[in-house]
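Step one of this worksheet: look at the structure below.
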C-alpha cells in the first residue's frame, strides 16, 4: 500500500496543523478525520507519510510512532512507526514507514527497536 500523497497547502487554512519534530507535521486539511502525518516540503506542500485518521503519536530522535483508524473506522486501530533516518523529502514512504501493524505486532517491534511511547492523543478522534 502506498502512503504517498502530496498536499497542496499554499493559501489553504487547516483545521489542524501541528509540528511534531523536524520536518514532520500532523495535518488535517478540511476535517479532523483527515488527520495524517506528513513531511513538510517547506514550499507550501507536504508529502503524506501515515494516512488518516491518526489519533495518537509519539517520537524520539529516530522514530515517530502513530495509532490510526483507517479511513476514520474507529472499530479498527492500526499501528505504524516511521524511521526518520531512512526518510527524506522525496523518498518512497514504504522505505521508512512500517505498518499497518496489529497491536501485538507493534508491541513486538517496540520491544525489539525500543520505540518511543505514545505521548500525544487526540481524544476527539480516539
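The values are calculated or read from the model by the stated rules, or taken from the named source; none is laboratory data. What you are looking at is a predicted structure, and each value in this text was computed from that prediction instead of being measured. Here the Cβ positions follow ideal geometry from the backbone for every residue, glycine too, while neighbour counts run over all protein chains shown.
Picking from residues in segment 53-64 that are part of a loop (DSSP other than H, G, I, E, B) and touching a residue at least 24 places away in the same chain (Cβ under 8 Å), the one that is nearest to residue 109 (Cα to Cα) is 60. Quick one: in segment 89-101, of everything that is in contact with a strand residue (DSSP E or B) (Cβ under 7 Å, 6 or more places away or on another chain) and in contact (Cβ under 8 Å) with a residue 24 or more places away in the chain, which residue is nearest to residue 48 (Cα to Cα)? Among residues in segment 89-101 that are in contact with a strand residue (DSSP E or B) (Cβ under 7 Å, 6 or more places away or on another chain) and in contact (Cβ under 8 Å) with a residue 24 or more places away in the chain, the one nearest to residue 48 (Cα to Cα) is 93.
Just one of the listed residues (30, 17) is modelled with pLDDT under 95 and over 14 Å from the mean Cα position of the chain (by Cα), namely 30. I'd like to check something: does segment 54-76 contain any residue that is out of contact with any strand residue (DSSP E or B) (no Cβ under 8 Å at 6 or more places or on another chain), surrounded by 15 or more Cβ atoms within 10 Å (Cβ to Cβ) and on the phi > 0 side of the Ramachandran plot? Scanning segment 54-76 turns up at least one residue that is out of contact with any strand residue (DSSP E or B) (no Cβ under 8 Å at 6 or more places or on another chain), surrounded by 15 or more Cβ atoms within 10 Å (Cβ to Cβ) and on the phi > 0 side of the Ramachandran plot.
When segment 14-44 is examined, which residues are found to be loosely packed, with under 15 Cβ neighbours inside 10 Å and under 21 Å from residue 92 (Cα atoms)? Passing the criteria: 21, 22, 42, 43, 44. Looking only at residues in segment 84-102 that are touching a helix residue (DSSP H, G or I) at 6+ places or on another chain (Cβ under 7 Å) and part of a helix (DSSP H, G or I), the one that is surrounded by the most Cβ atoms within 10 Å (Cβ to Cβ) is 86. Applying the criterion of being part of a loop (DSSP other than H, G, I, E, B) and in contact with a strand residue (DSSP E or B) (Cβ under 7 Å, 6 or more places away or on another chain) to the residues of segment 103-126, the residue that is surrounded by the fewest Cβ atoms within 10 Å (Cβ to Cβ) is 117.
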